[in-house]
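Q: Structure provided below as structure tokens; questions to follow.
The values are calculated or read from the model by the stated rules, or taken from the named source; none is laboratory data. Being a predicted model, the structure only gives us computed values, none of them experimental. Every residue, glycine as well, gets a Cβ built from its backbone with ideal geometry; the counts of neighbours run over all protein chains shown.
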Amino acid sequence: MLSERKLKARLLASAAALAVASTEAGVDWCLQQRLSIWLLAAVLAALELLRNLSMLTVPVATPSRTAPPTDAQDDPAASWLRYAPIALFRIDADDAAAQAIALNASAHRVLAHSHGADRGVLHETLRLQQVGQRTLVWFDGEHGAERVLLTAAALTTGEGRQQLLAWMPVENELEAETLSAWRELTHVLTHEIMNSLTPVVSLSHSAQELLETVHALLPEDVNEDLSITFATIERRATSLHAFVDSYRTLSAMPEPRPETMLLRQVFGRLATLIGADWLARGGRAEFIVEPDTLTLEVDPGQFEQAMINLLANAADATAGGSGPLVRVTARQHRGGRVQIDVWDNGPGIPDELAAQIFVPFFSTKERGSSVGLAVVRQFLHGNGGTVRYVKPVRGGAQFSVTF
């Protein structure tokens, strides 16, 4: 294809030739000499001029370096990288003190949700990641504490040796697998334990009745010892039976029956249910919904039970403190996401225990079935939600429920 400069030169030459031929034809018209030759030359020059003019209207190819790329002209691969759901970082492998550089929007969000010392820990975690290894990392992110799979690959570029790190959230997948495993485990355990406990309770009760029939035949001290023994066996077996039965809810969750609920009405019922108890302790329970028309498509009974368990957990955490406060807020975020936060001004949960609080059979309380938060997670997961523990900057403890 002709360059623009050459095309313009040919255009000028054609115009000049047309001018000369026209002038000479005019002279010959008067002299009646060589008229046909100059007319033919003028016609040819005019045709060449028209052809060059038509070519000039076609965009002429220019070197790519003269037009810096815009967002619309970006390489598709660059766009895929920018909006990838996995956070990607780059680190200079030759600099021992180098910090991670965010390569896409997901990575910038990860950095945005880490502050102060947490950001320093994040950069150190990324810098120490070994190439070819996979590490499961706990991270206090946008939706609370969650697990992330971290991997690294080595690259050599014009800037030297680099490491490309992929930060992949896997909490939802691990949570689903964990819940399934716990359901299977508790089903087996409760079934086997209940089968063994039932005859123990029955036999201990029968033994006490038999003891009554032979009471006169045995010495008083033997009667007393046997009576205490059989009564203790029955009491402990009955208590263990009730304890194990409480875990059956983990393996026998009913299927949710979702309905459209107005959260303002649900929070009103919860405020009526627990408000008086918090006032009696010198505190208060606050419920906030933004906007007032916010709705959820969930099973009403299961959702309310999950919220009651979280509120009971907040009541236990603030017991004995002055001015106990629990605040429940529901807001709609971008993308239609609904987030419900339950915050209390108690002492919070120690960092070393935060990863275990949703595990069945684990409890920080001296008494209780230790299935409260596990049931909360089961109910919410079955209704399409997640629950995370968040360590608030203002102190206390916060559980964030997201739909």
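Q: Considering each residue of the range 263-314, count those that are aliphatic (A, V, I, L, M) and over 25 Å from the mean Cα position of the chain (by Cα), and give that number. Explain how you work it out, then say what you get.
A: Initially, the range 263-314 is screened for residues aliphatic (A, V, I, L, M), giving 263, 266, 270-271, 273-274, 276, 279-280, 285, 288-289, 294, 296, 298, 306-308, 310-312, 314.
In the following step, the residues that additionally are over 25 Å from the mean Cα position of the chain (by Cα) were identified as 266, 270-271, 273-274, 276, 279-280, 285, 312.
Number of matching residues: 10.
Q: For the range 255-269, check the following and say yes or no: at least one residue is at pLDDT below 85 and closer than 25 Å to LEU380 by Cα. Working first, answer last.
A: Restricting attention to the range 255-269, the residues satisfying the condition of being at pLDDT below 85 are 255.
Pick out the ones that are also closer than 25 Å to LEU380 by Cα and you get 255.
Yes, there is a match, as at least one residue in the range 255-269 is at pLDDT below 85 and closer than 25 Å to LEU380 by Cα.
Q: Could you list, in sequence order, all residues of the range 251-276 that are under 21 Å from GLY346 (Cβ atoms) and surrounded by 13 or more Cβ atoms within 10 Å (Cβ to Cβ)? Lay out the reasoning, then the answer.
A: The initial filter retains those residues of the range 251-276 that are under 21 Å from GLY346 (Cβ atoms), namely 267, 270-271, 273-276.
PHE267, LEU270, ALA271, LEU273, ILE274, GLY275, listed by residue number.
Q: Go over the candidates GLU286, GLU304, GLU297, GLU290 one by one and state the one that is in contact with a Pro (Cβ under 6 Å, 6 or more places away or on another chain) and of a type in the set (Asp, Glu). If you could, list the steps in order and put the result at the bottom.
A: Numbers: GLU286 fails: in contact with a Pro (Cβ under 6 Å, 6 or more places away or on another chain); GLU304 fails: in contact with a Pro (Cβ under 6 Å, 6 or more places away or on another chain); GLU290 fails: in contact with a Pro (Cβ under 6 Å, 6 or more places away or on another chain).
Only one candidate passes the filter, namely GLU297.
Q: Any residue in the range 363-376 that is modelled with pLDDT of 85 or more, of a type in the set (A, V, I, L, M) and buried (at least 18 other Cβ atoms within 10 Å of the Cβ)? Talk me through it step by step, then tell me what you get.
A: Step one: filter the range 363-376 for residues modelled with pLDDT of 85 or more, giving 376.
Still in the list and also of a type in the set (A, V, I, L, M): 376.
So of that shortlist, the ones also buried (at least 18 other Cβ atoms within 10 Å of the Cβ) come out as 376.
Among the residues of the range 363-376, at least one is modelled with pLDDT of 85 or more, of a type in the set (A, V, I, L, M) and buried (at least 18 other Cβ atoms within 10 Å of the Cβ), which makes the answer yes.
Q: Sticking with this one: May I ask you to list the residues in the range 310-345 that are out of contact with any Gly (no Cβ under 6 Å at 6 or more places or on another chain), part of a loop (DSSP other than H, G, I, E, B) and surrounded by 15 or more Cβ atoms within 10 Å (Cβ to Cβ)?
A: Within the range 310-345, GLY321 is the sole residue that qualifies.
Q: Now for a separate question. If the requirement is being modelled with pLDDT of 80 or more and outside the structural domain of ALA107 (by TED's automatic domain parsing), which of these qualifies: GLU192, GLU184, GLU212? Give the derivation first.
A: Numbers: GLU192 fails: modelled with pLDDT of 80 or more; GLU184 fails: modelled with pLDDT of 80 or more.
Of GLU192, GLU184, GLU212, the one residue that is modelled with pLDDT of 80 or more and outside the structural domain of ALA107 (by TED's automatic domain parsing) is GLU212.
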